[in-house]
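Comments concern the structure below.
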Amino acid sequence: MKTLDHVKVTDAVRVATREVFSMMMGMDVEAEPAYEEANSTGTVDGVVALIGLAGQWTGGGVVQCDAPLARKFYSCLLMTECDPANEGVNEEVLDAVAEIANMIIGNVKNAMERDLGPIGLGIPSVVYGRNFTTRSAGSSWIVNPFVCDGGRLLVKFCLTPPASGGAGPAELLGREFPRAKHPAIA
């Protein structure tokens with residue numbers, strides 16, 4: 001059975017993050033040592049973008065930062081200034097963080113597919129607030145911290161191996177499911 005190589009994941013996250021920040025935002029990021037984290041992130045203040053991954057291997061990716069850094073990302077990605085009258089995080093800032101997460105996690109997913117086979121990428125969901133916790137059932141996360149513009153960015157990646165050698169629902173139950181035709185479909 002194929003295994004998830006944590007060194008390859010860390011390398012892929014670092015390469016993807018540096019490329020996205022350099023090419024898309026003209027920003028530098030400095031990688032800090034990667035580590036593993038259990039299912040819960042603990043208390044979070046800031047912005048978290050989550051993206052699901054599906055296929056034989058399932059899991060997700062996360063991009064996490066504080067509000068000032070999220071606003072900086074928005075400014076650099078869109079080459080504009082945030083409205084000084086609005087110091088908060090609006091939907092445009094959330095969309096920018098979602099897009100950054102999509103690019104980084106999408107590139108990591110592509111790198112992992114070389115060893116693990118096809119993996120689908122979901123649509124990002126973004127959460128902003130104070131004193132909240134994110135949690136994922138399943139295996140631990142590989143966390144890659146970065147220093148960027150004086151702030152801290154976390155890029156997390158988690159993949160769980162296929163159950164029973166990659167069998168689908170029908171194989172797991174030991175039978176095939178009949179294909180029902182919907183009356184509206186001819």
Please work out how much length the chain gains when fully extended from Thr3 to Leu78, using 0.36 nm per residue of separation minus the C-alpha to C-alpha distance, in nm with one decimal. 23.2 nm
Kirkwood calc, segment 6-162, C-alpha pairs only, radius in angstrom 15.6 Å
Distance between modelled label sites at Ser125 and Ala54, nm, 7 Å Cα→Cβ extension: 1.3 nm
Please rank Tyr128, Tyr74, Tyr35, fewest neighbouring Cβ atoms within 10 Å first, as an exposure proxy. Tyr35, Tyr128, Tyr74
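Trypsin sites (Lys or Arg not before Pro) within segment 1-82: which are DSSP loop residues with at most 16 other Cβ atoms inside 10 Å?
Lys2
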Sorted by mean Cβ packing within 10 Å, highest first, what order do the peptides 49-55, 119-125, 94-100 take? 94-100, 49-55, 119-125
Footprinting exposure proxy for Ser22, Ser75 (fewest neighbouring C-beta atoms within 10 Å first): Ser22, Ser75
Between the modelled labels at Val15 and Asp115 (7 Å from Cα along Cα→Cβ) the distance in nm is 1.2 nm
Estimated inter-spin distance, Glu37 and Met23, nm [label 7 Å along Cα→Cβ]: 2.6 nm
Could you give the length gained on full extension between Ala163 and Glu92, defined as 0.36 nm per residue of separation minus the Cα-Cα distance, in nm? 21.7 nm
What number comes out for the charge environment of Phe21, summing +1 per Lys or Arg and -1 per Asp or Glu over other residues with Cβ under 15 Å away? -2
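Values in this text are rule-based calculations from the coordinates and carry no lab data. Please read all numbers here as calculations on a predicted model, not as lab measurements. Don't worry about glycine lacking a Cβ; one is built from the backbone with ideal geometry, like all the others, and counts go over all protein chains shown.
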